[in-house]
Amino acid sequence: MKAASILNDVLGPVMRGPSSSHTAGSYHIGRLIRSLAGDAPASAAFAFDPAGSYAATYRQQGVDLALAAGLMGWEITDKRFARALELAPRSGLDVRFRVAPLDGADHPNTVRARIATKSGSRFEVIAKSVGGGSVEVTSVDGKAVRLDGRGRAVLQVGGAKRTIPSLFYLRRGAPLFDSAAGAVALARRRRASLGRVALAHEAGLLGLSEREVIDEILRRFEIMRDSVRQGLAGRGLGMKLLRPTAGRIFRAEAGGRLAAGGLPVRAAARAMAALHVSNSGGIVCAAPTGGSAGVLPGIMVTLAEEKGVACEKAALALLAAGAVGLVVAARATFAAEVAGCQVEIGAAGAMAAAAVVEAAEGSAAQAADAAAISLQNTMGSVCDLVQGMCEIPCHTRNAVAASSAFVCADLVLGGYVNPVPLDETIDASFASGRMLPPELRCTAKGGLAVTPSAVSLKRKTAW
């Protein structure tokens, strides 16, 4: 198991959509390669294995844009991001992409990069994006390395020493827990909520004050809130398959024109709104991934605006969600390429259920149980994204996960006794996800993705 961080691995990165593993992870690979080069690269030739997810999705999910932006040293939030390939030649960068067999590719998001720098040096890198924006460089010029951007490193590349800066918060302490049972036991001993023990964990792990952690969580909450506002307004969006409908649904509910309506439906519409922004290449906070970046904004904005949950309480609710995500990161993965949609939108729904319990002042045990039953409801969920994009069925899955978070929380708060604890549920979800064939793990080769209607959908212009 790994010691995960909420800010590094769960409620982040802050990124441009649509995908944390494809867009944000690829950007991080680009930044690491730029550091390895020592100066600005002059050319980069990338290859993706035909059996992997990258090969099927690198154009649709902005892998090419992200790699180019990272190589040029831009921030992922740079306004020029969508023009990275167009502007690369003006920066003296020739960047090319192809699909070709990669020997030893052990992950669906494996990439080989052959780099030439402006000073004339050349080197080859093998890297992989492993989920939620996390990456690993595994080989430089045929020599095994392990470079993940989580600490400063010094490597010998082409006869020269290269200092590689960290891309994330540095780990400075030990984790307080790595299991749901451990978190619940700690909360019981401290007579604290799940959000409180998650706050203590994050501050100690990263060497930050609790105030600093809360302030950063609230900064990311504002990014979530902004994505909901922009998505509901429906302006400045540019999805490739869907038209923005979140605002229309929200207004229909307000006008009493729906069959049921109510708070869960409004949360669902807000979740769709945030995903509208993500799939338009807008700025979102992965929670825990880009493909699931609507769920937590949907429920958190609903809690804040309709239940009067104030800033500090909202931060603790997000931290409770983060605690669940920590356990998923430690025991499983956030990569649909590895285990299907249950570890992305399924994990987000579990996190959201815990956040609702925290906001309702429930116990850590109740938050963990609400997360468990939420995840039990998504067990075996496939990743069958239509035409390789995080739009269909991702929008409605985000919406339903946000809506059901309230139901799962209320079931537990109302007295339901969950017989299968969260740790075992996560293990079972991960195991079932790994049993899925590659066609159902983010390759767009099965499920809804191969139905006649999905295949025949016309794409709109890119961002």
Report the calculated FRET efficiency for residue 45 and residue 455 (r = Cβ-Cβ distance, R0 = 25 Å), to the nearest 0.05.
0.25
Using Cβ counts within 10 Å as a stand-in for footprinting exposure, how do 222, 216 rank, fewest first?
222, 216
Just to be sure I understand the model, the point goes 7 Å from the Cα along the line to the Cβ. What's the resulting residue 188 to residue 106 distance in nm?
3.8 nm
With θ set to phi - 60°, apply the Karplus curve 6.51 cos²θ - 1.76 cosθ + 1.60 along the stretch 61-78 and write out the HN-Hα couplings as whole Hz, x wherever there is a Gly or Pro.
10, x, 4, 5, 4, 5, 4, 5, 4, x, 4, 7, x, 6, 6, 5, 8, 4
Of the listed pairs 240/445; 79/143; 313/460; 79/240, those with alpha carbons more than 29 Å apart are 79/143; 313/460
Beta bridges by DSSP in the chain, antiparallel share as percent, to the nearest 5
80 percent
Karplus (6.51, -1.76, 1.60) ³J(HN,Hα), θ = phi - 60°, over the stretch 193-207, in Hz, Gly and Pro reported as x
7, 5, x, 5, 6, 5, 4, 5, 4, 5, 4, x, 5, 9, x
So what is the relative contact order of the stretch 180-456, in percent, for Cα pairs below 8 Å that sit 6 or more residues apart?
21 percent
What whole-number value in cubic angstrom gives the convex hull volume per residue for the C-alpha atoms of the chain?
131 Å³
Taking only DSSP H segments of four or more residues, each worth -39500 (n - 2.57), what value at 222 nm results for the chain once the sum is divided by all its residues, to the nearest 500 deg cm²/dmol?
-14000 deg cm²/dmol
Packing-based exposure ordering (other Cβ within 10 Å, fewest first) of 58, 416
416, 58
Can you list residues from other chains, or at least 5 along the same chain, whose modelled amide H is less than 5 Å from the amide H of residue 280?
238
Burial order of peptide ranges 174-187, 316-329 (average beta-carbon count within 10 Å, highest first):
316-329, 174-187
Give me the Debye-computed log₁₀ of I(q)/I(0) at q = 0.06, 0.07 Å⁻¹ for the stretch 180-456, equal point scatterers on Cα only, no solvent, two decimals.
-0.17, -0.23
For the pair residue 156/residue 99, report the inter-label distance in nm, with labels modelled 7 Å from Cα in the Cβ direction.
3.9 nm
Of every Cα-Cα pair in the stretch 114-188, the percentage lying beyond 15 Å is 68 percent
³J(HN,Hα) computed for each position of the stretch 35-42 - Karplus, 6.51 cos²θ - 1.76 cosθ + 1.60, integer Hz, glycine/proline x
5, 5, 5, x, 9, 5, x, 8
Separation of alpha-carbon centers, the stretch 273-350 and the stretch 372-438, rounded to whole Å:
12 Å
Computed over the chain, the relative contact order (Cα-Cα under 8 Å, seq sep at least six) in percent reads 18 percent
Treat every Asp and Glu Cβ in the stretch 180-456 as -1 and every Lys and Arg Cβ as +1, leave all other atoms uncharged, and give the resulting dipole magnitude about the Cα centre to the nearest 20 debye.
520 debye
Going from the alpha-carbon gyration tensor of the stretch 1-128, what semi-axes, largest first and in whole Å, does one get by taking the root of 5 times each eigenvalue?
21, 18, 15
Please give me, ordered by residue number, the trypsin sites (Lys or Arg not before Pro) of the stretch 233-305 that lie in loop per DSSP and have at most 16 other Cβ atoms within 10 Å.
235, 257
Dividing the Cα convex hull volume of the stretch 179-256 by residue count, how many Å³ per residue is that?
192 Å³
List the pair-distance distribution P(r) of the stretch 318-432, using every Cα-Cα distance, as the percent of pairs falling in each 5 Å bin from 0 up to the bin containing the longest distance, rounded to whole percents.
2, 15, 25, 24, 19, 10, 4, 1, 0
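Values in this text are rule-based calculations from the coordinates and carry no lab data. All figures in this text were calculated on a predicted structure; none of them were measured in a lab. Note: ideal-geometry Cβ built from the backbone for every residue, glycine included; neighbour counts use all protein chains shown.
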